[in-house]
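Here is the structure we will look at.
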Amino acid sequence: MHWAEQIAQRIIERNPNKEEYVCAAGISPSGSIHIGNFRDIATSYFVAKSLRKMGKKAKLLFSWDEFDRLRKVPVNVAKVNDDMEKYIGCPYVDVPNPFKDSDAKNYAEYFEKEFENSLKKFGIQMEFRHQAQMYRSGKYKDYILLALKKRKEIFDIIDSHRTQEAQEGERDAYYPVSIYCPECGKDTTKIESLSDDCAKATYTCKCGHKGSFDFNKDFNCKLAWKIDWPMRWCYEGVDFEPGGKDHASINGSYDTSKHISKQIFGYDAPIFQGYEFIGISDSNTSTGKMSGSSGLNLTPETLLKLYQPEVLLWLYSRNEPLKAFNFCLDDGILRQYFEFDKMYNEYKNGTANELTKSIMELASVEGRNLDLVPMSLIVQLGSVVNFNLKMLEVVFEKIGTPFKYEEFKDRLERAKFWLEKCSPQDMNTLRKGRNWQVYDALSDMEKQEIAELYAFLKKGSYDLAELQTELYAIPKRIRNLTLEDKELKTCQGAFFKNVYKLLIDKERGPRLYLFLYAINKNDYLSLLDFSYPKTAEEEESEKVVEEVVEENKVVYGEPDPVADIKEEIELSDFEKIDLRVCKILKCQEIRKSHNCYKLTLFDGKDESVIVSSIKHYYTPEQLVGKKILVVANLKPVRITGVTSNGMLVAATNNACGCQVIFVDDIVPEGTQIK
């Protein structure tokens, strides 16, 4: 049973005869609402859908906590308006809209509209509560008066959940409500006295204003969070509400509010589900909790430029709330699309188990039909044809998968956005001219292979299967090898690598036979023709490259003396070392470390992290995607604050510095070195 269905079942068992169940969520519009906050909504949304699936009526209630005070100015807001600090302490709804290009009436409305517009793309229907309106209309008047009358009981409950001792007089001076000053608009007020019936108070403000407040008719005040939350549970009849793991901790907000809800307002607290925070996986940044006021957040609208709404919902649906997961800005996003497609196909063709069915049903968006053109294929071929729609249709037709624009349009712009913004190094762009530097470094046999490929392509009249066969046959024929020769695969891999370097300046790319068959032959054929001398333009281009290389050239010293061979070991000693081929997925800098990188590796089964002091020798771009040798069974050790689970193999010498031993891309991850 899906986790959301388990929660729904608990809700029904707790109150089986309720006419309509209420699943709640709430966010303060402190800044752009980031995708981490979306877990609050997604969790309640899935539970509400599960209740409806069980034949129950359920309402999804969302509260805009716009009556909260502005605590700090987010980075993106400060960039457009550096005069916002003066509003700290005012409710969000009273802070002016800092964005001149928006017609939003205030700060809160700007970020509310931004988020609500993205919600429509998920097909999520909910009932909104705007807390400024709820408070200022007097709807909570009786609850505020009750809280004031029971203020000392509330203090005792809060105090029972604190670790530090209460100060003398703290209980008598405690008031569960803050008054917004009519002069400065801030909550920097202090209640000085309260009438016996708890209806009237006198107060002073840090701005110098003094006044009186009648809670029966003055409503510009707000209950403190741990009282406000349970008050709203009671008012709305909430049955379920999730919260971040910080709220879920022992003696945290939920524990405290649960007791206040029961003892003060006489309402049994709703079923609560804590959830883990969401991370971002990027080859050049670290992962961590996202913050709505940091200026470094990613909104649902931004993520929707990378992920289809169903894929985003699927990530939340398939991961239990207390399980962390990452949104991927690196090539991990392609794995996520692949996994989604696989599960979706199982669901559609009737082979999915019950859990998979529930996951996919919860992730569905009403009114949308999905065509699962592989995202990796769109990425591979899209950049080759510069994302030209008609050309891409031709390409798909040529390779035997005749997808039409209507089938891949929903993913096309997302693939383009990911390549351009997140992974420009994966763009497959043809060179402007021949690469003589690569060609001159080839052996005679390798040059002959390129010549034969050029002749075959120029002749034409081949289909896709014939092209694929010829690509593998060329190095076999030139080198007079048989299928039984062990070096055949290595030679074929080297041939493919040479072709890629001559065409796109990279050692790997899309499947070569698809690549050569899909794109216009006239666009690349000249890049393989070295039958005539360098042109004047090519000569000039090489000079520029040589100048850049010379400028960046690292000067090393004389070779180190050759060390004596170490003491002999038994074969059994060597067999204890588990050397494995691993692929570098991410390369991240480590804070305060001048020498080390944090490398995330894939060993064919799992991901692992090692720390290596190669920062002075390589950039992240030179490492990500490469395959290396790793001592996989080395005992973990802490290096510069990061646990390293292995050690890469490199050659270190005064004559060359530190040179990592890279492995040919043809060798699969996880291969053991024996």
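Observations on the model:
- Intensity falloff of the range 141-223 expressed as log10 I(q)/I(0), Debye formula with alpha-carbon point scatterers, at q = 0.18, 0.26 Å⁻¹: -0.78, -1.29
- Average accessible area per residue (Å²) across the chain - probe 1.4 Å, nucleic acids and ligands excluded: 52
- Computed over protein heavy atoms with a 1.4 Å probe, the carbon and sulfur contribution to the accessible area of the chain reaches 48%.
- A cut-off under 12 angstrom between Cβ atoms defines the neighbours of L355, and their net charge, with Lys, Arg +1 and Asp, Glu -1, is -3.
- Taking every DSSP helix (H) stretch of at least 4 residues in the chain, weighting each as -39,500 (n - 2.57) and dividing the sum by the residue count yields a mean residue ellipticity at 222 nm of -11500 deg cm²/dmol.
- Rounded to 10°, Cα long-axis angle of helix 332-349 versus longest principal axis of the chain: 80
- Whole-angstrom gap from the range 486-527 to the range 351-415, using each part's C-alpha centre: 25
- H2 accessible area, 1.4 Å probe, all protein chains in place, Å² to nearest 10: 0
- Relative counts (whole %) of C-alpha pair distances in the chain, using bins that are 10 Å wide: 3, 11, 18, 20, 17, 13, 9, 6, 3, 0, 0
- Hull shadow area, averaged, the range 558-648 [alpha-carbon convex hull, nm²]: 7.8
- Ordering of 54-64, 164-174, 311-321 by packing [mean C-beta count within 10 Å, highest first]: 311-321, 54-64, 164-174
- Given charges at Cβ of Lys, Arg, Asp, Glu: the chain dipole, positive-most of S50, Y439, N37: S50
- Peptides 269-278, 81-90, 447-456 ranked from most to least packed, by the mean per-residue count of other Cβ atoms within 10 Å: 269-278, 447-456, 81-90.
- The value for the range 305-417 of Rg(Cα) / (2.2 N^0.38 Å) is 1.12.
- Ordering 469-475, 525-531 by mean Cβ neighbour count within 10 Å, with the highest value first, yields 469-475, 525-531.
- Long pairs among K592/K615; K105/K186; K120/K323; K459/K506; K150/K222, criterion Cα-Cα beyond 21 Å: K120/K323; K459/K506
- Within the range 440-476, backbone nitrogen closer than 11 Å to the virtual label 7 Å beyond the Cα of K534 toward Cβ: 440
The values are calculated or read from the model by the stated rules, or taken from the named source; none is laboratory data. Owing to the predicted nature of the structure, the values given are computational and were not obtained by experimental measurement. Note that we place each Cβ from the backbone using ideal geometry, even for glycine, and neighbour counts take in every protein chain shown. Accessible surface areas use protein heavy atoms only, side chains included; no ligands, DNA or RNA. Shrake-Rupley method; radii C 1.70, N 1.55, O 1.52, S 1.80 Å.
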